[in-house]
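To start, the structure itself, in structure tokens.
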Amino acid sequence: LDHIILAAIRGLDRASLEYPQVRAGLILMMDRTFGADLNAVIVDKAVRWAPRGIVGVDIAGPRPGGARYDYRQVAPMVEEARAAGLGVTIHVGEEGGEMGREEIGEVVEVLRPDRIGHGILAAGDDELMTALREAEIVLEICPTSNLLTKALPDDEAVRDTFRSFLDAGVQFTIATDGPEMMRTHLRDELDLL
């Protein structure tokens, strides 16, 4: 794992030399399919390598067995990362209907992340949108990804989702969710919007 992290750091260093005007960092991702022991290793590595460009931790991946994920199990790891000065992003609320909305509520209450990857299921839920706004949690919304995965069925749903967040004062950014997989770039996302 250290070799993989160092390879990514080396790439970050090379990019920083070529593009000195851009400030960049790396986020290490825990996985919902990992047990606590493996996710703890990810956080330990993030803390260890923070002086070399690791700026945060995240958790993503499929829910084991499609069941509701218990985000409380990673709370101690999130607190360790936060105490070390790392940012916290949690991928939640892209799919799963009511279960996904419950997960967003749990994440906001228990993990208090800086950012939420996706979070689109909060759109139209006044209680969740108020909690996101008051906690100043920023959503990373990925329109092309949401359309390709059918998390949002069509352009009108994308428009309604953004309008809902704008009207409620929920902060968000536009992201690509992996340009290599989604075959998109930030410019494409902005053109779509």
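The values are calculated or read from the model by the stated rules, or taken from the named source; none is laboratory data. Just so it is clear, the structure is predicted and the values come from calculations on it, not from any experiment. Cβ placement follows ideal geometry from the backbone for every residue including glycine, while neighbour counts extend to all protein chains displayed. We work out accessible area using only protein heavy atoms, side chains counted, and drop any ligands, DNA or RNA first. Shrake-Rupley method; radii C 1.70, N 1.55, O 1.52, S 1.80 Å.
Note on the stretch 118-135: residues that are surrounded by 22 or more Cβ atoms within 10 Å (Cβ to Cβ) and not in a loop (DSSP other than H, G, I, E, B) amount to 5. Residues in the stretch 12-38 that are over 18 Å from residue 90 (Cα atoms) and either touching a Leu at 6+ places or on another chain (Cβ under 9 Å) or of a type in the set (Lys, Arg) (or both): 12, 14, 23, 24.
Sub-6 Å Cβ pairs linking a first residue in the stretch 1-14 that is hydrophobic (A, V, I, L, M, F, W, C) to a second residue that is open to solvent by 70 Å² or more (accessible area, probe 1.4 Å), at least 6 apart or interchain, are 9/52, ordered by first then second residue. Contact annotation: residue pairs with Cβ atoms under 9 Å, 6 or more positions apart or on different chains, pairing a residue in the stretch 125-143 that is among the polar types (S, T, N, Q) with a partner that is part of a helix (DSSP H, G or I), are 130/168. For the stretch 151-163, taking the residues that are without any contact (Cβ under 8 Å) to a residue 40 or more places away in the chain and closer than 12 Å to residue 120 by Cα, the one that is surrounded by the most Cβ atoms within 10 Å (Cβ to Cβ) is identified as 152. In the stretch 139-193, which residues are of a type in the set (Ser, Thr, Tyr) and more than 17 Å from the chain's Cα centre (by Cα)? Once the filter is applied, which keeps residues that are of a type in the set (Ser, Thr, Tyr) and more than 17 Å from the chain's Cα centre (by Cα), the stretch 139-193 yields 161, 164, 184. Only one of the numbered conditions (1) open to solvent by 20 Å² or more (accessible area, probe 1.4 Å); (2) at pLDDT 95 or above is violated by residue 39, and that is (1). Can you pull out every residue in the stretch 50-66 that is open to solvent by less than 50 Å² (accessible area, probe 1.4 Å) and either touching a strand residue (DSSP E or B) at 6+ places or on another chain (Cβ under 8 Å) or assigned to a loop (DSSP other than H, G, I, E, B) (or both)? Scanning the stretch 50-66 gives 53, 54, 56, 57, 58, 59, 60, 61, 63.
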